[in-house]
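Worksheet: one structure, shown below.
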Amino acid sequence: MTDSHHDLAWTAPQPFWTDAAGAVQPGNALRRPQLLRFTNDEFINELLATLAHDPAALPRFAALEETWRGPGAAPAVDPQRWLQRTPARLLGAQRSALLRKRGQQPVAAPQAAPAATTTTLKLYQPAHMRHYLVGGSLVCRTPGLPDRQVDPARHKVSFVVRRLLPRSAGGKDQPLPDPLQAALWDEYAFVPQGKAAVWQKVGAADLEAEVAVLAPAEERLALFPANYAQDDGHDRRLYIGSVPVGRREAYQGAAAQASPASETEENGEPATGAGAAIDPRLVLFHTQVLGPWKALVNRVMGNGPTGNAANPVGPIDDVATLKAARLEAVFRKSGDSFDRNQPDTDTVRTLRGALQTSSWYLLLDLYHFLKEQLGIDVLAAGAPTGAAGTLFAALNAAAMPAGLQDGKAPLAEAGGDYDAAHIETSLVAALQRIVQFDRPLERATGTFTIRKPGTTLADAAVTAGWPDFLFLFADPWHGVLQPPTPAGFAPPAGDYLAEKIQARIDSLADLVRAALPPITAGQRVPEPTLASMQPADMREAWYVLRLVYERPDCAPFHGTVVSAATQPFRMAGFFDPDAPARPIRIGLPLDISPAGLRKFDKNAVFMMSDMLCGQVDRMKGLGLADLVLSVLPWPFHKELKVPEKGDCKTGDGLSLGVMCSLSIPIITICALLLLMIIVSLLDFIFRWLPYFIVCFPLPGFKGRKD
């Protein structure tokens, strides 16, 4: 290993070693990698061209604070500056003679952009027409700071993203301290874990330290070399990496861990302390069971009624309380009013069919979760014991709502599809019955509909293949399925009734958590997701970057070299109000006459399957008035009457998909008109039209102009 005995260090790129007057930068500035800012998508070509023709101009690309109201202009291109520079190799007398001959003063080094205020620097995303690179030089600590030769087969260069988290968390509404006050911060490394990641503490924040600890599984991001020649002819190598501002949400939403040891408890289970990830099996239960169950509650109850500490609503499983929460759409109309004691049978039947479809799939997901994650087989003889038995008992106690006072009778209709023998009111009984329909449900492609009494299959959608029993987690007339009230359950008095019921449903997660067995080596569990992580801090985060040189072949005599930190910065979100806007110009057709529009090629194609084609055909009879009336409250409300229709098929019964070809220019006209209509209507509420659009006159811009 050539020169392996030399001390190595990361420094700023060589053009940053001196200031505009030629004085050497102080040590802390010399050691700090630099953030470079570019304002166009050809930033790599711009960087390489600058290094090839005028590397001394690189400081002009230093990152700076800006907003769309005061954007920082891109460095002006000056190809003559390189020709007019003072040659570096001339002797003093030759240099003076050349200057006298030119009749000018020495050409000063290019002025760097004003130093960004490190406490306010924000980096924007590529969508904002901003690209950022981090750059540094790996040098030997010998006179002249020559570049270190890196063997890419044995040595690796990379950079890491570090997050600064305050040692004192403070309140969520409290501003973060100044990132330059290192004593107030700790530094965390980004460690991927499945689809998500965590911030793992590596020590106190020392932004000027050249040696920092690397977390074993810390994410390394790639650096690539860019070679160039200084004005004095010395060859140099600059290492460059792209700052991943586009991953801001992943960085912002990751959890925090104090140390690698806190990832698991002594029994092998995931940690449950502050900042720990939720057990991925519990996340799966939330996404596949609790989430859809609570969504069905919203479907039938909306947001009412509410109460307060002085006048709370009745018990959340009380018949009168559930009746008061019914949606108005399910009541029978009586003249200009409606009868709250009588259902609109057509509306209830249609809504019940949609709810039943969701309930079947929810039953299936619950069955698979109990069997695969908890080892509970609902078909086995006898009930499980321990924590699993407690969960099983809670599920068994969750029967149909108290509104069904006559048991199965209110769901059974004379002459209908389902009688009492084909209706279940017990959740465990429904789980036992859904098992035989596992494969048919996974392959179902049709639409389930509860037929009216007295109709035949020819009068309604075919229901063959669907389960032969009814079981509803939520019914539009009788209420919702609820687990038993846990000990100490007390939802806020001012919550909506639906929220209180959902809180009771959420209590099942505590029983599932207690019943989950420890994760064993080699066990297949769901990958952690971003939703399973509790964000370390919801306030806007501060980040720094560090460059890394790893040489495992030289250990333990020569270890990893980690640079000092860059200046602290924030990452802008996609819709950051301060972000510069990428210029977008959409040219609409000039000639919108039939003769002019027919010239455009129909080059946008929508591919529709036979199933989607049938659903689109169902909507063809609806007009704008029907859509508006469907969202208005009573007495103007009118339900959408969408006729049943099967998939698109040919006369001989073959499935028929559809390709719809449209012209992009005509689509843009439709989009513009629809946008202006919606914005004008909403302006009555938001008063945002003056801030939404600005139109400028364009003289002489006329359609069909010669």
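Some points to look at:
- Packing-based order for 612-620, 500-508, using average beta carbon neighbours within 10 Å, highest first: 500-508, 612-620
- Among the chymotrypsin sites (Phe, Trp or Tyr not before Pro) in segment 175-241, none is located in a DSSP loop while being surrounded by at most 10 other Cβ atoms within 10 Å of its own Cβ.
- When the chymotrypsin sites (Phe, Trp or Tyr not before Pro) in segment 562-655 are filtered for DSSP coil states and for at most 15 other beta-carbon atoms within 10 Å of their beta-carbon, the remaining sites are Phe574, Phe575, Phe600, Phe636.
- Taken along its principal axes, the alpha carbon cloud of segment 564-690 reaches lengths of 73, 46, 45 Å, longest axis first.
- Rounded Å value of the spacing that divides the Cα centres of segment 119-186 and segment 590-663: 53 Å
- Under 5 Å, built H, 5+ apart or other chain: amide partners of Gln25: Thr18, Asp19
- Between Asn298 and Gln523, the FRET efficiency from the beta-carbon distance, with R0 = 45 Å, is close to 0.80.
- Portion, in percent, of the accessible area of segment 162-209 that falls on carbon or sulfur, probe 1.4 Å: 49 percent
- Across Lys294/Lys371; Lys294/Lys452; Lys333/Lys620; Lys452/Lys645, pairs whose alpha-carbon gap is larger than 24 Å: Lys294/Lys452; Lys333/Lys620
- Nearest-0.05 FRET efficiency for Asp601 and Ala509, computed from C-beta distance (R0 56 Å): 0.55
- Shape category assigned to segment 489-590 from the gyration tensor of Cα positions, a/c cut at 1.5: oblate
- Three-way shape call for segment 571-640 based on the alpha-carbon gyration tensor, with the a/c threshold at 1.5: oblate
- In terms of its C-alpha gyration tensor, segment 468-541 has an oblate overall shape, because the principal axis ratio a/c (a ≥ b ≥ c, square roots of the eigenvalues) is not below 1.5 and a/b does not outweigh b/c.
The values are calculated or read from the model by the stated rules, or taken from the named source; none is laboratory data. All values reported here derive from a predicted model rather than from experimental measurement. Note that we place each Cβ from the backbone using ideal geometry, even for glycine, and neighbour counts take in every protein chain shown. To get the accessible areas, we keep the full protein, side chains included, count just its heavy atoms, and leave off ligands, DNA and RNA. Shrake-Rupley method; radii C 1.70, N 1.55, O 1.52, S 1.80 Å.
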